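Heads up: the structure comes next, in structure tokens.
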Amino acid sequence: MKPPRSFAHVDTWVFDLDNTLYPHHVNLWQQVDARIGEFVSAWLNFRARKRACCRRTITGATARPCAA
């Protein structure tokens with residue numbers, strides 16, 4: 001994994017929570033979700049299937065235990 005980038009030079013953050021900066025059709029949040037999933041998988045050394053299962057369990061999307 002690459003070393004984390006420094007954001008020390010950033011003094012202002014802008015979050016587009018209502019699609020005013022990026023239109024809905026570019027699927028920005030799906031891309032963000034995928035990148036977060038990739039990071040977590042690499043950091044925890046999870047396979048994609050196990051990550052998806054554990055994420056559903058953690059977020060309450062399923063009551064079944066993760067067996068992947």
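The values are calculated or read from the model by the stated rules, or taken from the named source; none is laboratory data. Note that this is a predicted model, so its numbers are computed, not measured. Methodologically, a virtual Cβ is constructed for each residue, glycine included, from the backbone with ideal geometry; neighbour enumeration extends over all protein chains shown.
Annotations
- Leu17 modelled with pLDDT of 70 or more and loosely packed, with under 10 Cβ neighbours inside 10 Å: yes
- The residues listed here are His25, His9; of these, the one that is modelled with pLDDT of 75 or more and part of a loop (DSSP other than H, G, I, E, B) is His9.
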